[in-house]
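Following: one structure in structure tokens, then a few remarks.
Bear in mind these aren't lab numbers, they're just calculated from the coordinates by the rules spelled out. Bear in mind the structure is a predicted one, so any value in this text is a computation, not a measurement. Note that we place each Cβ from the backbone using ideal geometry, even for glycine, and neighbour counts take in every protein chain shown.
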Amino acid sequence: MARRFKLRPLPGEQASDSESPKLIDRREFMRHSFNTAAGVITMASLGVVGFASLLMGQADSDGGDSSVRFWVPTGTEDSAWYGDRHLEAMTYQSFVDEAAQSSTGMAGASGVWSGLPVNVIYVPHSENALSPPVEGSPRFQFADGYNESGAYVGSGFEIDEDPQYEALSIHDNMIIIFSRCPHLCCIPGWQLVTNDFTSDQWVPGGSDSGGNKLFCICHSSRFDPTVIEKNMNRNRNNGEDFRFIGIKRTGGPAPVGMPLIPFVVNGDIIEALDDFKDWYTYCD
Ligand code: FES
């Protein structure tokens, strides 16, 4: 567990106890979730489990309140590989098993952690990182981050170089992404719609080509979950800019990418950590 990797830079590139996050409530989650059948922002049901139990956690065997749980958007019960696991605690092995069905060896799922929307993405990094980056062999890559004005902000390499980001070091072939779109706060998903951006393909370099992007159905923003950068965003609640480590935006109206959430694999249960909770407050 928790093996850590040195990452390869993108081709052509050089190598607090602040406020608690504003947990979105059930109404907000529904408002910002989307229904793939209708293609619009819509409702998603919590089923028989109340929202309080999401915040409080359930049995210890499920990982308690730090566990990340599957979230099955309405209309994807039959198409998502986790369609029958709504609100079950995510297991690491389930991603390994699903990745074995993929031509790229990747797997992803929508989830919820402490009331916050997330995407969990498995990438066969350890298998591919020692070979030259080629199409169809995904691995994580570090990139330089530029804000919406084009100014350099920082590098994904700071995960390894700056002790304050140590909890985010890449491990277990997996990342967790806080998933509120920096455009207008919808919730991007993993392969919940079918198009060129979401097909099971991968190309190196963090461009907008290739597939396996996180896709925001509201206005078609795209994010490459294999490219990790440092960037900055503005908190809609307090107007303050903040810097974060996250994945790269590759296209669409979103100004920047979305932040990472540190995690551990506890037994087989995926548990998130709240080290950077101030990064998850930028939406209303
Ligand atoms: S809210 Fe995501 S693209 Fe507009």
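Around the amide H of Ile187, modelled in the peptide plane, lie the amide H atoms of Cys181, all under 5 Å away and 5 or more residues distant in sequence or on another chain.
Phi-derived couplings, Karplus 6.51 cos²θ - 1.76 cosθ + 1.60 at θ = phi - 60°, listed residue by residue for region 278-284: 5, 6, 9, 10, 6, 8, 5 Hz, with x used for Gly and Pro. Annotation: amide H of Met174 within the under-5 Å range of Val123, sequence separation 5 or more or interchain, hydrogens built in the peptide plane. Backbone amide hydrogens, once placed in the peptide plane, bring Phe142 within less than 5 Å of Arg8, Leu10, Ile228, excluding anything fewer than 5 places away on its chain.
With θ taken as phi - 60° and the Karplus curve 6.51 cos²θ - 1.76 cosθ + 1.60 applied, the whole-hertz 3J(HN,Hα) list for region 245-258 is 9, x, 8, 8, 6, 10, x, x, x, 4, x, 8, x, 10 Hz, x standing for glycine and proline. In sequence order, region 130-142 has phi-based couplings of 8, 10, x, x, 9, 4, x, 10, x, 8, 6, 9, 8 Hz under the Karplus curve 6.51 cos²θ - 1.76 cosθ + 1.60, θ = phi - 60°, and Gly or Pro positions carry x. If Rh is defined by the Kirkwood formula over all Cα pairs and Rg also comes from Cα, what ratio Rg/Rh do you get for region 168-258? Over the Cα atoms of region 168-258, Rg/Rh equals 0.96.
Treating each Cα of region 64-111 as an identical point scatterer and summing with the Debye formula, the log10 of I(q)/I(0) at q = 0.13, 0.31 Å⁻¹ comes to -0.29, -1.18. Positive contributions from Lys and Arg (+1) and negative ones from Asp and Glu (-1), summed over other residues with Cβ under 11 Å from the Cβ of Ala272, come out at -2.
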